[in-house]
Amino acid sequence: MNTVLIQELIRYNNLLKVLITSTAQLKDAIAGLVIMSADLEEVGNAFFDNRVPELWKTVAYPSLKPLGFWLIDFLDRMKFMNNWIEDGAPHVFWISGFFFTQSFLTGTS
């Protein structure tokens, strides 16, 4: 099960890195400190429209939720992973909270 956790954390860390980088760059672009690229403009437009930016979708888990609910779901997933790290493997797993459910199912058999 540790292998599954590590694989999931790698995916979540990659997603978190993209979220942090793109939002920081967007903030700087809005302030006029850097050039607004097409990707950053799309991120800003997605925020305005309450959509998950395409840049994030390329590294994120599949979801049809609007941005607000997607962020709540993302934080819940982070909490689930953090609890797994701090408290050990849970007695009940949140199947849809995994990036790659098949690896979890393979790891449990």
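The values are calculated or read from the model by the stated rules, or taken from the named source; none is laboratory data. Because the structure is predicted, anything quoted here is derived from the model rather than measured. Here Cβ is always computed from backbone atoms with ideal geometry, including for glycine, and neighbour counts include all displayed protein chains. These area figures cover heavy atoms from the full protein model, side chains too; ligands, DNA and RNA do not enter into them. Shrake-Rupley method; radii C 1.70, N 1.55, O 1.52, S 1.80 Å.
Restricted to helices (runs of 4 or more DSSP H) entirely inside the range 19-109, those with at least 3 residues that are closer than 21 Å to I6 by Cα and open to solvent by less than 30 Å² (accessible area, probe 1.4 Å) are 67-87.
Checking every residue in the range 78-97 against the condition of being out of contact with any Leu (no Cβ under 9 Å at 6 or more places or on another chain) and in contact (Cβ under 8 Å) with a residue 24 or more places away in the chain gives zero matches.
Looking only at residues of the range 1-18 that are of a type in the set (D, E, K, R) and either more than 24 Å from L75 (Cα to Cα) or open to solvent by less than 90 Å² (accessible area, probe 1.4 Å) (or both), we find that the one that is modelled with the lowest pLDDT is E8.
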